[in-house]
Amino acid sequence: MLKIHNGVDPQLTAALRELVQSCIAEDKTIPKIYWNIIKEEREIANDLFFYRDDRLIGYLTGFLFAQREIEISACIHPDYRQKGIFKALYNMVKSRILPFTPVSYFLFPCPRGNDITKQCITSWGAKHFRTEYYMGYSPKLRKKTPEQYEITLRRATLDDVDLLARIDNVSFSTKFETMQKRFQEIIPAKNRKAWLAYVDDRCVGKIHTRFDDDRILIHEFCIMQEARRKGYGAQVLQQTVDILSNAGQKVGLDVEADNENAVHLYLANGFEIVQAYDYHRLDN
């Protein structure tokens, strides 16, 4: 039996957690589930829950994180794999999204070590696109270094939307207008925070955090081009982690594996690789 929801309530979350734990126990890898995002309603209802005898055995949804790109998040119970459930749910999500949104390709984050998922999506024609690491912070791994600079982290407000969008535009080659709209939406959100980093009243970068399940995720962290290679990045990261961990929060982040400078920065400041995800792309 298939049920379609727009947003996942606590009862559905509990059932999904049980399904995810079954997969972790079998595969020894961690499915990519955006726990906090799936709680929210989206423009298109596409949280698909598949049941057998009132037991949740399959889940799949799609996220429009980038223009013309849909990321698929899925989890199928180990006892019910290779029975066509994954493909049926994927095709259902496609049928719900494509009439309303132009899509060039779909992305599948395949947990490294989960060969059955990789074999399935490559049999459909998906090709390796990129690799990302989920990294978790451990105080035991961090080497305390003296602060070289007096860096001030100031909580961003709606008055800072243009500045945030300009930094994002320069650092990540995003569209200024697109980021303006996005920051206007996320800055007031209760589960998100953004900080601007200042040295001598000069903004040198920004860092964002998002509450996700039982952890805080750092994202969209960047130091302005002209302020790089001075040690600002490590200090901003350490100060942010201190704020979060002192509040009793687990801290993690996602980073592209080929961003060697960023990976090195995180490894040098108390983070470790918890799970690698090999993203595969399937053109529409």
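What the table below lists for this structure:
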item	result
Strands (runs of 3 or more DSSP E) contained entirely in segment 158-247, each with at least 2 residues that are at pLDDT 90 or above and over 19 Å from the mean Cα position of the chain (by Cα)	192-199, 202-212
Matching option when the condition is modelled with pLDDT under 95, of a type in the set (S, T, Y) and in contact with a Cys (Cβ under 7 Å, 6 or more places away or on another chain), among T101, T117, T145, T152	T117
Looking only at segment 102-126, and only at residues there that are among the polar types (S, T, N, Q) and in contact (Cβ under 8 Å) with a residue 40 or more places away in the chain, the one that is surrounded by the fewest Cβ atoms within 10 Å (Cβ to Cβ)	S104
From the options L107, L56, L60, L48, residue that is more than 24 Å from D9 (Cα to Cα) and assigned to a strand (DSSP E or B)	L107
Failed item, numbered, when D79 is tested on (1) of a type outside the set (A, V, I, L, M); (2) under 21 Å from A276 (Cα atoms); (3) more than 16 Å from the chain's Cα centre (by Cα)	(2)
Residue that is touching a Cys at 6+ places or on another chain (Cβ under 6 Å), at pLDDT 95 or above and not acidic (D, E), where the choices are Y59, Y51	Y59
Odd one out for I33 among (1) touching a Phe, Trp or Tyr at 6+ places or on another chain (Cβ under 9 Å); (2) at pLDDT below 95; (3) over 30 Å from K181 (Cα atoms); (4) not charged (D, E, K, R)	(3)
Residue within segment 255-273 that is at pLDDT below 90, of a type outside the set (G, A, S) and surrounded by 15 or more Cβ atoms within 10 Å (Cβ to Cβ) present	no
Pairs, first under 14 Å from Q225 (Cα atoms) in segment 156-179, second polar (S, T, N, Q) and surrounded by 14 or more Cβ atoms within 10 Å (Cβ to Cβ), C-beta under 8 Å, six or more apart	D168/T174
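A quick yes/no check of all residues on (1) in contact with a Phe, Trp or Tyr (Cβ under 8 Å, 6 or more places away or on another chain); (2) free of Cβ contacts under 8 Å to residues at least 60 places away in the same chain; (3) among the hydroxyl-bearing types (S, T, Y); (4) surrounded by 19 or more Cβ atoms within 10 Å (Cβ to Cβ):
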residue: R55; (1), (2), (3), (4): no, yes, no, no
residue: G58; (1), (2), (3), (4): yes, yes, no, yes
residue: L64; (1), (2), (3), (4): no, yes, no, no
residue: E69; (1), (2), (3), (4): yes, yes, no, no
residue: A74; (1), (2), (3), (4): yes, yes, no, yes
residue: H77; (1), (2), (3), (4): no, yes, no, yes
residue: S95; (1), (2), (3), (4): no, yes, yes, no
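The values are calculated or read from the model by the stated rules, or taken from the named source; none is laboratory data. Bear in mind the structure is a predicted one, so any value in this text is a computation, not a measurement. Note: ideal-geometry Cβ built from the backbone for every residue, glycine included; neighbour counts use all protein chains shown.
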